[in-house]
Amino acid sequence: MTNDERPSAFKTIAVIGTGQMGAGIAQACAATGAHVIAVDPDHAQRERAKLGIGKSLAKLAEKGLVHDPAGIEARIKFSAKIDDAEPADLVIEAIVEDMAAKRALWEELDVICPPDTIFATNTSSLSVGEQAAATDRAAAFLGLHFFNPVPMMALVEVVSTDALDPKVLGRAIALVRTMGKTPVLAQDTPGFVVNRLLVPYLLDAARAAEAKVATTTDLDAGMKLGAGHPMGPLMLLDFVGIDTVVRIADIFHRAFKEERHRAPAILTAMVGRGELGRKSGKGFYDWTGKEPVARPL
Ligand code: 3HC
């Protein structure tokens, strides 16, 4: 059964934020048969998301992984207005990794949406409970943490808190399975399972590049071929977004107070220069051509 033949656990899902994660989540939700309202105030971002979803669906259809790409695309309605999330029975946020911004968004949505609408955050490292506390629906508030690129990655971390209603957890797990993905249950601790282990590794790789242990290409080839990873850590840094990794590192550094979580200077300098990885065209690699090309360090 392909994703678009599985019945959805939700009829209407709103996805707030249409960056690389939000766009992927919107696509994955629409593929379950749900109607999706993808909200982003930024017109250019919405246009990029539309383009990316179209391309991704065409690729998946080519491989027989979705049967009705046009149907999936047609189920995603884009909007600039947060009020349009009102009919959703599930809202997933994928905005910037910033607690104040997320809490402000949830406060607004708590007024807009009926009390039985389930809220889920795609946070990678911030407390789910602290976000839930900005609403009056802690029992219907959980984490659904997706991985980039969403249409290709088989995992979703499902993050619960002490206040979560087990029925809500069950519905969220059913949704993840309907997407054809595997849920992993995690408690509400910084980075959950994957980022808690992955981010220190990415920071170590950046420090190794900084120390000129090897070239970018050799560092990545080392981990790809020597450890069987699908891509090397420097390419993965570009893929995830250098700014995103720096934000997560800062959150971990504040939470765990360990030196290994401090973002290395090479990464903060790249962010300062606007070199954010694949999404900005430049990071450890130049992404503007057909294939990524390692840039001199
Ligand atoms: N939609 C549809 N198809 C896609 C796609 C997408 N979004 N992205 C890639 N593909 C397709 C490619 O077009 C390619 O198709 P082809 O075989 O017909 O040419 C196919 O998938 C394979 O891609 P590639 O040949 O480019 O390379 P790979 O075989 O290496 O697969 C990958 C790509 C799935 C991205 C793989 O490299 C991978 O798994 N990399 C690691 C990704 C990872 O670790 N992600 C997690 C990051 S952490 C995170 O997201 C958490 C956050 O909180 C920070």
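List of remarks:
- Top-ranked residue in the range 221-237 [being over 16 Å from residue 207 (Cβ atoms) and touching a helix residue (DSSP H, G or I) at 6+ places or on another chain (Cβ under 9 Å); ranked as surrounded by the fewest Cβ atoms within 10 Å (Cβ to Cβ)]: 230
- Neighbours by Cβ (under 6 Å, 6+ apart or cross-chain): first from the range 150-164, under 21 Å from residue 59 (Cβ atoms); second assigned to a loop (DSSP other than H, G, I, E, B): 153/147; 154/181; 155/147; 156/181
- Residue within the range 3-12 that is of a type in the set (Gly, Ala, Ser) and part of a strand (DSSP E or B) present: no
- Out of 214, 263, sole residue that is within 21 Å of residue 100 (Cβ to Cβ) and outside any helix (DSSP H, G or I): 263
- Failed criterion for residue 167 (all others in (1) farther than 22 Å from residue 35 by Cβ; (2) touching a strand residue (DSSP E or B) at 6+ places or on another chain (Cβ under 7 Å) hold): (2)
Here is a yes/no grid of residues against (1) touching a residue at least 40 places away in the same chain (Cβ under 8 Å); (2) in contact with a Lys or Arg (Cβ under 7 Å, 6 or more places away or on another chain):
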residue: 211; (1), (2): no, no
residue: 214; (1), (2): no, no
residue: 229; (1), (2): no, no
residue: 232; (1), (2): no, yes
residue: 260; (1), (2): yes, no
residue: 263; (1), (2): yes, no
residue: 284; (1), (2): yes, yes
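- Within the range 52-108, the set of residues being among the acidic types (Asp, Glu), exposed (fewer than 15 other Cβ atoms within 10 Å of the Cβ) and in contact (Cβ under 8 Å) with a residue 40 or more places away in the chain comprises just one member, 98.
- Selection status of residue 224, within 16 Å of the ligand (Cβ to nearest atom) and at pLDDT below 95: no
- Taken together, the residues in the range 156-204 that are part of a strand (DSSP E or B), within 16 Å of the ligand (Cβ to nearest atom) and either within 15 Å of the chain's Cα centre (by Cα) or surrounded by fewer than 18 Cβ atoms within 10 Å (Cβ to Cβ) (or both) amount to 7.
The values are calculated or read from the model by the stated rules, or taken from the named source; none is laboratory data. What you see is a predicted model; the values in this text were computed from it and never measured. For neighbour counting, all protein chains shown are included, and Cβ atoms are generated from backbone atoms with ideal geometry for every residue, glycine included.
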